[in-house]
Amino acid sequence: MRRMIILTEGHLGVFDSKTATSVIRYRSEEVVAVLDSTCAGKKLEEFIGVGKGIPIVGSVNEALKFKPTVLLIGIAPPGGALPLEWRRYILDAISHGLDIISGLHTYLGEDPEFAKLASEKKVTISDVRKPPEDLPIGTGKAKDVFATKILTVGTDCNIGKMVTSIEITCLAKEQGINACFVATGQTGIMIEGSGIAVDRVIADFIAGAAEQLVLERAHYDLLLIEGQGSLNHPAYSGVTLGLLHGSVPDGLILCHQPGRNAIRRYNFPIPPLLEMINMYENISKPVHPCKVLGISLNCYGISNREARKAVDETEEETNLPTTDPIMFGPAKLLEPISSLVARRSGHGLRATGHERRVT
């Protein structure tokens, strides 16, 4: 098992260190420390809501007493570049024999200084955002996969699409459904151990990458596909559309944060939820019509009472099952998905003709 230090230097927070937060939420048993000198000695859960008991340290040397084997880069900044001041932490980690895991667009393994030292110290640098080299273009073949395919979509980036997918997958497995989380971003890959970071794929091949991920997992009964970006995002709408048409989902879960009225870091308003629902459903029609089955709210930073109110108001506005899967669990979202799985089973939709097993 990996023993990870997660580097967040100067960026520790739910949204600023999204990668760190999610890896700690779902792989906490592998995390021995967080490296952030600006927060050293403080309680981790006060910054990201999870990770109780995991220490925050100020240097690689300080973290060595926890016997780490890996330094993981804990942020995913716009553009994915490595902060220059972080080079010293990476060099320190390599010098002490730690492997490096990075989800940045900057490939650390191709950096001459890092690569030379890593070779000398016989450590591995894993750039998980680097896509396969032999990706196909999309063909629509995912439409023929019998597994029920659910794609999370959003009203913005960094709004809970990955967490929603993982939470629904975990509950589905608990209920005996043969379900799989399909990672399409660097953090999801770090958690799941497989996937393709589609935002690094050349535009012509994004749909093909999504299709390949689905075809490789066709033996599952239910696929929860991690969404990326949003159709209304001025920078990242392209990757959203590629995923939507490439994975050919049978249903969508729309993710939103109450009170977020504009795209983060941009002065573009977020349309009303009903308009977003129509946008996603209408743009799906040419390839494979599908419906938004539920709304996942990210209520981080507001009280339980305020979150309950937001859930109730959203359900009234959209007439769709709504929940915050972290605060209140994902059961409301799994219910319509399970019904869809059962309907597809009842209609004998398995392309191979084999009898469907539903638990």
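Rule-based calculations on the coordinates, nothing more; no lab input. Not measured: the values here are computed from a predicted model. Cβ coordinates were reconstructed from backbone atoms using ideal geometry, including for glycine residues, and neighbour counts include every protein chain displayed.
For residues that are outside any strand (DSSP E or B) and aliphatic (A, V, I, L, M), scanning just the range 57-86, find the one that is surrounded by the most Cβ atoms within 10 Å (Cβ to Cβ). Looking at residues that are outside any strand (DSSP E or B) and aliphatic (A, V, I, L, M), I get ALA63.
Is it the case that some residue within the range 18-39 is part of a loop (DSSP other than H, G, I, E, B) and either under 23 Å from MET162 (Cα atoms) or aliphatic (A, V, I, L, M) (or both)? Checked against the condition, which is being part of a loop (DSSP other than H, G, I, E, B) and either under 23 Å from MET162 (Cα atoms) or aliphatic (A, V, I, L, M) (or both), the range 18-39 yields no hits at all. The residues of the range 187-215 that are among the charged types (D, E, K, R) and closer than 26 Å to ILE125 by Cα, listed by number, are GLU192, ASP199, ARG200.
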